[in-house]
Amino acid sequence: MKQILMMSSSRKGQSAYLEHAGDQVNAVLRGRAKRVLFVPYAGGITFGFDEYESRVKPSFERFGYELESIHRYRDARAAVEQAEAVVIGGGNTFVLLDRMYNAGIVGLLRERVSAGMPYVGWSAGANVVCPTIRTTNDMPIVEPPTLKALGVVPFQVNPHFISGKPAGHNGESREERLAEYLAINPDEGIVAIPEGVALHVHGDSATVLGEFDALHFKQGGVIDKIATGSTFALASI
């Protein structure tokens with residue numbers, strides 16, 4: 001049975017790095033893994049993979065898990081094949097997907113996660129669980145071979161969701177951008193997750209975790225709330 005945690009962000013409000021995430025991570029990993037493989041490919045752009053690993057590792061040790069980054073291994077595919085669980089952090093989603101394809105691990109991750117290997121991802125790491133990365137908020141600073149991602153959930157997510165426009169901003173709101181996406185892609189579904197919120201996918205269902213609701217974007221500008229703590233069928237999106 002699939003066990004996937006799709007987190008909006010590594011922080012909630014003014015909290016420290018991953019401070020809010022312990023219960024969410026444990027919902028997926030506890031009793032299923034002791035060691036996790038970290039994939040830092042979304043970051044390490046203006047700083048190195050060593051530094052990214054050093055940011056994440058203490059949090060997972062506090063949650064009760066050993067963590068080692070995939071860049072420590074000679075063979076990325078072998079690392080994924082041997083992993084008890086995989087954790088993919090945030091950063092730039094286009095860079096993440098490009099590096100995953102270059103490492104040859106996209107198809108392998110799809111197989112292993114579909115078969116039940118626990119997966120935790122936040123921000124860009126949540127985007128790549130979807131069929132494509134086309135609802136990321138990031139700038140395409142590289143061009144991956146395709147925008148197709150893992151596709152282990154059947155709908156798109158928009159992490160870091162914030163409603164409306166800040167004062168003085170004359171561009172489109174997130175609601176307007178997602179409405180545009182659905183106008184061009186009428187057969188697809190989108191779930192937006194505010195910061196601090198996560199989706200725990202278990203089998204063919206998902207549960208909303210965190211103190212805020214998730215939002216289901218539909219055709220015609222309709223937005224349905226998915227209440228925190230509630231469970232919905234993946235096929236309903």
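The values are calculated or read from the model by the stated rules, or taken from the named source; none is laboratory data. Computed from a prediction, not measured in an experiment: that's the story for all the values here. As a convention, Cβ positions derive from the backbone with ideal geometry for all residues, glycine included, and neighbour counts pool all protein chains shown. Side chains are part of the model used for accessible areas, which takes the heavy atoms of the whole protein and leaves out ligands, DNA and RNA. Shrake-Rupley method; radii C 1.70, N 1.55, O 1.52, S 1.80 Å.
Where nothing but the Cβ of Lys and Arg (+1) and of Asp and Glu (-1) is charged, how large is the charge dipole of the chain around its Cα centre, in debye to the nearest 20?
On the way: 23 positive and 26 negative charges, 80 e Å.
The calculation lands at about 380 debye.
Counting pairs on different chains as well as pairs 8 or more places apart, how many Lys pairs in the chain have Cα atoms under 28 Å apart?
Final tally of qualifying lysine pairs is 16.
Ignoring ligands, DNA and RNA, what percent of the accessible area of the chain is carbon or sulfur (1.4 Å)?
On the way: 5170 of 10600 Å².
Of all accessible area on the chain, carbon and sulfur atoms account for 49 percent.
So if we plug the beta-carbon distance of Arg74 and Val142 into 1/(1 + (r/R0)^6) with R0 = 22 Å, what FRET efficiency do we get, rounded to 0.05? Please report the intermediate quantities before stating the final value.
On the way: r = 24 Å, r/R0 = 1.08.
The formula returns an efficiency of 0.40 here.
Given the chain, what whole percent of its Cα pairs are spread farther than 27 Å?
28
Do any trypsin sites (Lys or Arg not before Pro) in region 70-103 lie in a DSSP loop with no more than 15 other beta carbon atoms within 10 Å, and if so, which?
Working: sites: Arg72, Arg74, Arg77, Arg99; in loops: Arg74.
Those satisfying the criteria are Arg74.
Exactly which GluC sites (Glu not before Pro) in region 187-237 are in a DSSP loop and have at most 15 other Cβ atoms within 10 Å? Let's see the in-between values first.
Details: sites: Glu188, Glu195, Glu211; in loops: Glu188, Glu195, Glu211.
Qualifying residues, ordered by number: Glu211.
Cut-off 10 angstrom, C-alpha nodes, Gaussian network model of the chain. Which of Gln24, Gln219, Gln82 fluctuates the most?
Gln82
Provide the percentage of antiparallel DSSP beta bridges, counting only those with both residues in the chain; round to the nearest 5.
Values: 21 of 39 bridges.
Here the antiparallel bridges make up roughly 55 percent for the chain.
Tell me, in nm to one decimal, what length is gained between Arg177 and Ile162 on full extension, where the rule is 0.36 nm per residue of separation less the Cα-Cα distance? Spell out each step's value before the answer.
On the way: separation 15, 0.36 × 15 = 5.40 nm, distance 1.19 nm.
That pair, Arg177 and Ile162, stretches by 4.2 nm at full extension.
With a 1.4 Å probe and every protein chain left in place, work out the accessible area per residue of the chain in Å², rounded to a whole number. Numbers along the way, then the final one.
Numbers: 10600 Å² over 237 residues.
Per-residue accessible area for the chain comes out at 45 Å².
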